[in-house]
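As structure tokens, the structure follows; a few thoughts come after it.
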Amino acid sequence: MENYHKALRIEPNNSDLYLLLADALSRQQRWDGAKVFYQMAIELDKNNAQAYVGLSNICLQNNQKEKATDLLVRANRIDSD
């Protein structure tokens, strides 16, 4: 994790780094931290479909099925463009 944080200090506007960190936290089931970094990735790049998918998975973990579905639809729209 420390390497991701170091990279973010060098490139704080790199949405892919936020996505990688969010994915790593998600694999560790650290949902709150992952959610923050997925949201940051989306804030930097509204067309980051993978971040929407990751955020959708967190919503499913929190039993927010409707929100999860909405996020997946949005990711699908991005990928189809």
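Things to note:
- Exactly one residue out of E66, E43 is more than 11 Å from the chain's Cα centre (by Cα) and either open to solvent by 40 Å² or more (accessible area, probe 1.4 Å) or among the polar types (S, T, N, Q) (or both): that is E66.
- Verdict on V53 being open to solvent by less than 70 Å² (accessible area, probe 1.4 Å), hydrophobic (A, V, I, L, M, F, W, C) and under 11 Å from the mean Cα position of the chain (by Cα): yes
- Filter result for L21 (open to solvent by less than 20 Å² (accessible area, probe 1.4 Å), without any contact (Cβ under 8 Å) to a residue 24 or more places away in the chain and not in a loop (DSSP other than H, G, I, E, B)): yes
The values are calculated or read from the model by the stated rules, or taken from the named source; none is laboratory data. Since we're looking at a predicted model, the values are computed, not measured. Neighbour counts run over all protein chains shown; Cβ positions are idealised from the backbone, glycine included. Side chains included, ligands, DNA and RNA excluded: accessible areas come from the protein's heavy atoms. Shrake-Rupley method; radii C 1.70, N 1.55, O 1.52, S 1.80 Å.
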